[in-house]
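K.L.:
Can you keep this structure in mind? I'll have questions shortly.
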C-alpha cells in the first residue's frame, strides 16, 4: 500500500524558479499588419517612421489672426499694435493681419497667431493687439511633430487612442503589431458544462470560462477550449495537438488515483516542474509539449485562478510583447490586520479595502471558494521569504478596481 | 464688416455646467442578454441569483484526508491521533480517515480535511495527525458561496474574470448586461482620409480614428463614421439621422466663414451651450438632436481629444452603466515645476513623469500638436477656479501607464 506521505508533493519549486524557467522558454511572438482603427491596445512590433513632415506645413494651432510677432513688440493697453486687415493670402503684407482658423496654413511672413479673444478693434475697425506675442505662439511649425522619415512611435509601445490619431495624421492605414498569443484551454473531465442538468455529487465547470476570460484580458485569443477525458492517454494526445502558443490545462494535477495530467505531460513532452510553492495552487506543474509551454493548473477554481495570475498571465503577456507584471495598479496601503503566511510559500492573498488607506486580508480562501476572490478588492503578494506583515505595516495592494491594463 | 471681437466666443459655459446638463439628459441604456464567456468587462443590468446552493454539497477544498475534527483534539508530535484507512464511502466510520481530493464530496461524519503534507504514517502504515484541526478546516460547506436563490452578483457590477467563473459555477449560460452605447462619429470635411494622396495645404484626418479609438476604449460601438460636407444643410441633415445613442462631431465649430456646425445643431435640434471654458477646446458645443446628446468637438486633434476626455467620455461611460470618472488610475505626485493655468478656464494639462514621485507640465500643447499628447505620461486636471500649482505642490496625476479601465 502506497503511503500518504509519498503521495503528497513535498519537493516544490519556488514561484521564482518556475517563472524563470518559463521566461527562458519564450520568445515574443511574430508580427501581423493590422488596420489603424483596430490597433488600439496592441503592441507595436517595429518603429513607425513618418512618410511626411508632420504637420506638412506651418499652420495655425488656434483660431485668431496671423501676424508678424516683431510687430507686436512693445504693445500695451496704452499703446496697442494696430494692424490693417489682409484678406486670405499666401504672403502677409508688412503691417497687416489676416484672420485664420486653427489648422489653416500660415501665410508666409506671419510667425504667430493672436487668439481671437485677445484681438481688439480701434475706431476705424482696424485690428489691435495689446500684448506682445512671441514668435511661434499659436502656430504649429512644419515638421515639429515629426520630420519626414523621423520616428513617429517606437517599437514595443502599447498603442493608445492618441497614438492612433498620430498614425492617422501621418496618413498611415496599417501598422505592424505583435500578434496575439493563441491559447489552448483544456479542462480535465469531471465537472459539468453550464446549461446541462447537474447530477448529484457533481459541480459545474468554472475553470474553462475563467481561463478564457483571463487569457482574453491578457490579450490572447483562445483558439481551443475543450474537456479532456482524465486518463493519461487522452491527456497526452490532447497536449500533442498543434496550433497554440501556450497550453493551459486545469484539473488532474493532484496525486489521487484519478490524476494523470503530470504523467501525461511527461509522456507528451517534458515535465520540468511538478509542485510549486504557491499557496492553494501547490499541485501546479510546468513543462513543454508540442514545442510550446504547458501549465497544468489545479482543478479547484481558486487554485486555478491563483496559478493563472501568478504564472500563466505573465507568460501570455510576455508572449504578446507586453509587460509581464500584474495588470493591476499597485497602491501602498496600511495593513488593518496582521497578514500571516507560511514561510517558503508564495501567497497571493485577497484583500478587502476599508477606506482609502486601510486594507485587511481575507481569511480561509480555499474554504471560501471562488466567490471570495470575486468579492475581493485586490490582493497582496506575500513572497516566499516572508511570514507576512504585522498590523500597521505598509503593503503593496494590487487593486481590481476596474483599472486593469487593457492588452488589446 | 463684422468685428473680430464679435467673432470670438467669449461667453463660455463652465465645464461643470456642460457636464451637469449632459448628465441630466441621460439615462443608462437598456440591457441585452449575453453569453457568459463574452461578458467580461460588461456591467450587470440586474442582480444575478443562484439557481442552486453553491457549492451544491459539502466538499473537500484541498487534497488530503477527511477526518472528524474532534478526533484530532490534543494531537501532538508525541501523541499523534491515529486513524485507520476507510475506502471511499458515504459515511466515515468513527476512528477512520478517508483519502479525498479537492472538490470531492465529504463523507458524512467528516467535518475537516487534513492536507496530504500534514499526514504521517505510523509503523503499521495507519494515518497519523500531529496537530489538531478545526471543524471546517479544508472543507467547503454546501451553500457557503451562495444559497439557492441567494444573490450571486449585484446589479451595476463590472464583471471580472473571477465573476465569470462564479456565474459558470452556478450553471448560468448568459446574463443581462447594459448594452453598449452606439456612437455616431462625424467629421466635418476638409481633411484627407489616410491612404489617399495628400494635396498641398491639406492634412490627413486624425479625428475620426481618434474618436473611434476613444469611444471603443470607453465601451461603445461606433455605428457610423463619416465625413460630412461642411455646409449647414449637410450637417443638419447628418445630425438628424437616427440610430445612435450619442453623436460626436469634430470640426466646423469655430467662428470662421467655413464653420457651420453650431448653426446646424441649432437648426436640427437644440444648441444648448456654445463655447466651453476648456483650454484648447473653447469652441466645443453641446446640444441635442434626433433625441440624443450631440457634442460638437474642435477640429484640431488636440482640442478634439481634450473635449472628448473632459465631456464626451463621461457621457459614454455613464450611458453604458459605468463610472463617468476618468478611466485612468489617479496618483498623488509632486510638481517639479510650476503649473500655470488661466483663471476661469479648466485645463487638462499633459505631464511627463520624472521618476516615481515627480511630475512636470508639458508646455505649448496647442503649438506642439497631438504627438505631445501621445508622448505624455498622463495629465493633471486644473479646475477653473485655480490658477495652477506652485513648484513642490502635491497634484493628482491621471496616468496613461497602461492601466486604463477596461469598459468591455
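The values are calculated or read from the model by the stated rules, or taken from the named source; none is laboratory data. As the structure is a prediction and not an experimental result, all values here were calculated from the model. No Cβ is skipped: glycine too gets one built from the backbone with ideal geometry, and neighbour counts run over all protein chains shown.
K.L.:
Are any of the residues in segment B:367-381 touching a residue at least 60 places away in the same chain (Cβ under 8 Å), closer than 18 Å to residue A:331 by Cβ and touching a strand residue (DSSP E or B) at 6+ places or on another chain (Cβ under 7 Å)?
P.N.:
For segment B:367-381, residues touching a residue at least 60 places away in the same chain (Cβ under 8 Å), closer than 18 Å to residue A:331 by Cβ and touching a strand residue (DSSP E or B) at 6+ places or on another chain (Cβ under 7 Å): absent.
K.L.:
Does residue B:61 satisfy the criteria of being exposed (fewer than 14 other Cβ atoms within 10 Å of the Cβ) and within 13 Å of chain A (Cβ to nearest Cβ)?
P.N.:
For residue B:61, the condition - exposed (fewer than 14 other Cβ atoms within 10 Å of the Cβ) and within 13 Å of chain A (Cβ to nearest Cβ) - is not met.
K.L.:
For segment A:355-371, what are the residues that are in a loop (DSSP other than H, G, I, E, B) and over 22 Å from residue B:145 (Cα atoms)?
P.N.:
Of everything in segment A:355-371, those that are in a loop (DSSP other than H, G, I, E, B) and over 22 Å from residue B:145 (Cα atoms) turn out to be A:355, A:356, A:357.
K.L.:
Hey, another quick one. Does residue B:365 satisfy the condition of being crowded, with 20+ Cβ neighbours inside 10 Å and within 26 Å of the chain's Cα centre (by Cα)?
P.N.:
The answer is no for residue B:365.
K.L.:
On to the next question. Taking segment B:244-267, which residues are under 21 Å from residue B:209 (Cβ atoms) and in a loop (DSSP other than H, G, I, E, B)?
P.N.:
B:244, B:245, B:251, B:252, B:253, listed by residue number.
K.L.:
Go through (1) in contact (Cβ under 8 Å) with a residue 24 or more places away in the chain; (2) within 13 Å of chain A (Cβ to nearest Cβ); (3) within 30 Å of residue B:321 (Cα to Cα) one by one and return the number of the condition residue B:119 breaks.
P.N.:
Unmet for residue B:119, out of (1) in contact (Cβ under 8 Å) with a residue 24 or more places away in the chain; (2) within 13 Å of chain A (Cβ to nearest Cβ); (3) within 30 Å of residue B:321 (Cα to Cα): (3).
K.L.:
Select, from B:294, B:222, B:272, B:286, the only residue that is farther than 29 Å from residue A:117 by Cβ and at pLDDT 95 or above.
P.N.:
Just one listed residue meets the conditions, B:222.
K.L.:
Only one of (1) facing chain A (nearest Cβ under 7 Å); (2) at pLDDT 95 or above is not met by residue B:174, so which one is it?
P.N.:
Failing condition for residue B:174: (1).
K.L.:
Just to check your reading of the model, which residue among A:305, A:370 is buried (at least 20 other Cβ atoms within 10 Å of the Cβ) and in the same structural domain as residue A:220 (by TED's automatic domain parsing)?
P.N.:
A:305
K.L.:
Please tell me if residue A:29 is away from chain B (no Cβ under 14 Å), at pLDDT 90 or above and in contact with a helix residue (DSSP H, G or I) (Cβ under 6 Å, 6 or more places away or on another chain).
P.N.:
Yes: the conditions hold for residue A:29.
K.L.:
Name the single residue that is farthest from the other protein chains (Cβ to nearest Cβ) among those in segment B:128-144 being in contact with a helix residue (DSSP H, G or I) (Cβ under 6 Å, 6 or more places away or on another chain) and crowded, with 16+ Cβ neighbours inside 10 Å.
P.N.:
Only one residue fits best here, namely B:132.
K.L.:
Next question. Of the residues B:206, B:194, which single one is without any contact (Cβ under 8 Å) to a residue 40 or more places away in the chain, within 8 Å of chain A (Cβ to nearest Cβ) and touching a helix residue (DSSP H, G or I) at 6+ places or on another chain (Cβ under 8 Å)?
P.N.:
B:194
K.L.:
Could you please find all residues in segment B:17-39 being free of Cβ contacts under 8 Å to residues at least 40 places away in the same chain and under 15 Å from residue B:219 (Cα atoms)?
P.N.:
The answer is B:38, and nothing else.
K.L.:
Suppose we filter segment B:9-47 for residues that are assigned by TED's automatic domain parsing to the domain that holds residue B:315 and either part of a helix (DSSP H, G or I) or at positive phi (or both); how many remain?
P.N.:
11
K.L.:
Working carefully through the options A:18, A:23, find the one that is surrounded by fewer than 19 Cβ atoms within 10 Å (Cβ to Cβ), away from chain B (no Cβ under 11 Å) and in contact with a helix residue (DSSP H, G or I) (Cβ under 9 Å, 6 or more places away or on another chain).
P.N.:
Among A:18, A:23, only A:23 is surrounded by fewer than 19 Cβ atoms within 10 Å (Cβ to Cβ), away from chain B (no Cβ under 11 Å) and in contact with a helix residue (DSSP H, G or I) (Cβ under 9 Å, 6 or more places away or on another chain).
K.L.:
Could you please give the count of residues in segment B:72-89 that are over 27 Å from residue A:257 (Cα atoms) and part of a strand (DSSP E or B)?
P.N.:
0
K.L.:
For residue B:244, all conditions in the list (1) within 12 Å of chain A (Cβ to nearest Cβ); (2) buried (at least 22 other Cβ atoms within 10 Å of the Cβ) hold save one; what is the number of the exception?
P.N.:
(1)
K.L.:
Going through segment A:263-285 one residue at a time, which ones are farther than 30 Å from residue A:341 by Cβ and surrounded by fewer than 24 Cβ atoms within 10 Å (Cβ to Cβ)?
P.N.:
Passing the criteria: A:263, A:266, A:267, A:268, A:269, A:270.
K.L.:
To continue, here is another question. Is one or more of the residues making up segment B:38-47 within 11 Å of chain A (Cβ to nearest Cβ), farther than 20 Å from residue B:182 by Cβ and modelled with pLDDT under 95?
P.N.:
Looking through segment B:38-47, at least one residue is within 11 Å of chain A (Cβ to nearest Cβ), farther than 20 Å from residue B:182 by Cβ and modelled with pLDDT under 95.
K.L.:
Out of (1) surrounded by 18 or more Cβ atoms within 10 Å (Cβ to Cβ); (2) in contact with a strand residue (DSSP E or B) (Cβ under 9 Å, 6 or more places away or on another chain), what's the single condition that is false for residue B:164?
P.N.:
Checking residue B:164 against (1) surrounded by 18 or more Cβ atoms within 10 Å (Cβ to Cβ); (2) in contact with a strand residue (DSSP E or B) (Cβ under 9 Å, 6 or more places away or on another chain), the one that fails is (2).
K.L.:
Within segment B:48-58, how many residues are under 19 Å from residue A:195 (Cβ atoms) and facing another protein chain (nearest Cβ under 8 Å)?
P.N.:
Total satisfying the criteria: 4.
Rundown of residues vs (1) away from chain B (no Cβ under 12 Å); (2) at pLDDT 95 or above; (3) in a loop (DSSP other than H, G, I, E, B), yes/no style:
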{"position": "A:373", "(1), (2), (3)": "no, no, no"}
{"position": "A:380", "(1), (2), (3)": "yes, yes, no"}
{"position": "A:398", "(1), (2), (3)": "no, no, no"}
{"position": "A:402", "(1), (2), (3)": "no, no, yes"}
{"position": "A:407", "(1), (2), (3)": "no, no, yes"}
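K.L.:
Return the only residue of B:200, B:168, B:238 being closer than 22 Å to residue B:258 by Cβ, more than 20 Å from the chain's Cα centre (by Cα) and touching a residue at least 24 places away in the same chain (Cβ under 8 Å).
P.N.:
Checking each option against the conditions leaves just B:238.
K.L.:
If you don't mind, there's one more thing I want to ask. Name the single residue that is nearest to the chain's Cα centre (by Cα) among those in segment B:145-162 being in contact (Cβ under 8 Å) with a residue 12 or more places away in the chain and at the interface with chain A (Cβ under 7 Å from one of its Cβ atoms).
P.N.:
Within segment B:145-162, the match that is nearest to the chain's Cα centre (by Cα) is B:158.
K.L.:
So residue A:96 passes all but one of these: (1) away from chain B (no Cβ under 13 Å); (2) out of contact with any strand residue (DSSP E or B) (no Cβ under 6 Å at 6 or more places or on another chain). Which condition number does it fail?
P.N.:
If we test residue A:96 against (1) away from chain B (no Cβ under 13 Å); (2) out of contact with any strand residue (DSSP E or B) (no Cβ under 6 Å at 6 or more places or on another chain), just (2) comes out false.
K.L.:
Name the residues in segment A:182-238 that are in contact with a strand residue (DSSP E or B) (Cβ under 8 Å, 6 or more places away or on another chain), surrounded by 20 or more Cβ atoms within 10 Å (Cβ to Cβ) and in a helix (DSSP H, G or I), would you?
P.N.:
A:207, A:208, A:211, A:212, A:215, A:216, A:235, A:238
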